[in-house]
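Step one of this worksheet: look at the structure below.
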């Protein structure tokens, strides 16, 4: 990717002396003061993530619901107004195009929120499947997105709005004013903590950032980079596209059966997924703890005895536990929690134990 | 960024403190910043022979893992065992408590490949 895009918060990151990397074509902050400190900040108080690289597609028209039911794997008809749904788009062979959030404003108006790294691919895919009576628009460049996450997120944001934030249920949203700015206030996140995501027009980004940091001062609010976003989501075993899921993995083996609704209506990839469901799964995505302090990283092989049984897709040292954790695909017969596996870390084998997610005692509900 | 004047520096971002024929080796403030939070360090054993530009250990940070290349050849005299429990010392105090190994170096001519503080500062551009 030649072009390096900047989010509306880029100058803020520079001023804060963030470590900046090119992520999915965007110059994004990986960390400010350090991944561990930022991670614990979110678990214990409140942190602010610039996630404006995410893509937003507006879907409108009398056939919007029918269109999205065909395009995505979850049951769109189950969504009510002001509700958000975690879902995915699949290829005909069941491989994953992307995972996404779907917002329903009313039966004729929805918003798709996709991964920043997949915006162009996803938009093309959505366009290729467009039907009459639906208008699809890529608003990604106009929309700024901040995620405010942590146990003190609600108290921080409540100071800035008349909307009663406690009334917004998990995976619901409301349109309202916050810091005097019209926005979508969404009770969602990627951390496993109480939190909100604020979709707003980029012309108001700077004011929003400033007001949030002022409101959060008493909670020692801090900016948090993508590095901690990654370690936080790993502790919850939330999938990351490009690491744990991609076009070579299907949602069933990735543990996303709960969003794959095979008994209601036709969608792209359904036949392939029905077949997967009928046959026994070859492998399943698991989370494990690694003994010692080494990190099992993406691509490292997993063994049981002499048999290679899988591959690591994500790994880190959990900043909460100070233990190595990882996510990976493991062959059928070895996927139960409590099972012992071995990870080949640069030529040496290290013991790991499959566990039940999440690895931290945390809940966003 | 701080690069003390009394140290020598390698292109692999290590600092070297020379004391007679003993060299203490650690990583620079720049290097620890680039790595981010260090979570584990694999150290050589005392008495191991190590060679210039060859790996003598690995340093594991949350985001990445990298080999540490020895700036000098010689024999390992001491390793900083406290890093086993507190690898994050490399981030917080890279030049003092965060030292990594002490070696008895065997080839004085290798010293001329090292930079002084000023040259290293120019080298990293920060």
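When each of A:365, A:26 is scored by the number of other beta-carbon atoms lying within 10 Å, the sequence from fewest to most is A:365, A:26.
What FRET efficiency comes out for residue B:11 versus residue A:107 if R0 is 56 angstrom and r is the Cβ-Cβ distance? Round to the nearest 0.05. Show your work: numbers first, answer last.
Numbers: r = 63 Å, r/R0 = 1.12.
Calculated value: 0.35.
Here region B:1-45 is scanned for amide nitrogen atoms under 14 Å from the site 7 Å beyond the Cα of residue B:77 along Cα-to-Cβ, giving B:17-25. The length gained by stretching the chain between residue A:206 and residue A:356 to full extension, at 0.36 nm per residue less their Cα-Cα distance, is 49.9 nm. Taken over the alpha carbons of region A:181-301 as equal point scatterers, the Debye sum produces base-10 log I(q)/I(0) values at 0.11, 0.21, 0.23 Å⁻¹ of -0.61, -1.25, -1.39. Each part reduced to its alpha carbon centroid, region A:245-300 and region A:45-69 end up 23 Å apart.
For chain A, the relative contact order comes to 18 percent (Cα pairs under 8 Å, sequence separation of at least 6). Rg and Dmax over the alpha-carbon atoms of region A:1-156 stand at 17.4, 50 Å. Pairs of Cα atoms nearer than 8 Å and 6+ residues apart set the relative contact order; for chain B it is 32 percent.
So in the protein assembly as shown, what percent of DSSP beta bridges are antiparallel if you round to the nearest 5?
Working: 112 of 117 bridges.
That works out to approximately 95 percent antiparallel.
Between residue A:162 and residue B:54, the distance separating the two model label sites (each 7 Å from Cα on the Cα→Cβ line) works out to 7.4 nm.
Taking one quarter of the surface of the C-alpha convex hull of chain A gives a mean projected area of 18.0 nm².
Among A:344, A:98, A:128, sorting on how many other beta-carbon atoms sit within 10 Å of each Cβ, with the fewest leading, yields A:128, A:344, A:98. Take the Cα pairs of region B:8-125, get the Kirkwood Rh, then feed it into Stokes-Einstein at 25 °C and 0.890 mPa s and tell me D in µm²/s. Translational D for this selection: 175 µm²/s. With R₀ fixed at 30 Å, the C-beta to C-beta distance from residue A:336 to residue A:37 puts the FRET efficiency at about 0.30. If you run the Gaussian network model on chain A, springs between alpha carbon atoms under 10 Å, then out of A:102, A:321, A:262 the most flexible one is A:321.
Counted by neighbouring Cβ atoms within 10 Å, the residues A:276, A:286, B:65 run from fewest to most as B:65, A:276, A:286. The spacing between region A:314-357 and region B:8-32, judged by their C-alpha centroids, is 35 Å. Distance from the Cα centroid of region A:216-238 to that of region A:112-170 is 18 Å (rounded to whole angstrom). Dividing the mean sequence gap of close Cα pairs (under 8 Å, 6+ apart) by how many residues region A:57-176 holds gives a relative contact order of 30 percent. Note on chain A: GNM, Cα springs under 10 Å; of A:74, A:162, A:36, the largest mean-square fluctuation is that of A:162. Counting Cα-Cα pairs of region A:129-193 in 10 Å increments starting at 0 gives whole-percent bin shares of 17, 45, 24, 12, 2. Note on region A:288-363: semi-axes of the ellipsoid equivalent to its C-alpha gyration tensor, largest first and rounded to whole Å, are 19, 14, 10.
Between residue A:298 and residue A:78, the modelled label-to-label distance comes to 3.0 nm, taking each label 7 Å out from Cα in the direction of the beta carbon. Taking chain A as a Gaussian network of alpha-carbon nodes connected by springs under 10 Å, the highest mean-square fluctuation of the residues A:258, A:125, A:209 belongs to A:258.
Every number here is computed from the coordinates shown, using simple stated rules; none is lab data. Keep in mind that what you see is a predicted model, and the values were worked out from it rather than measured. Every residue, glycine as well, gets a Cβ built from its backbone with ideal geometry; the counts of neighbours run over all protein chains shown.
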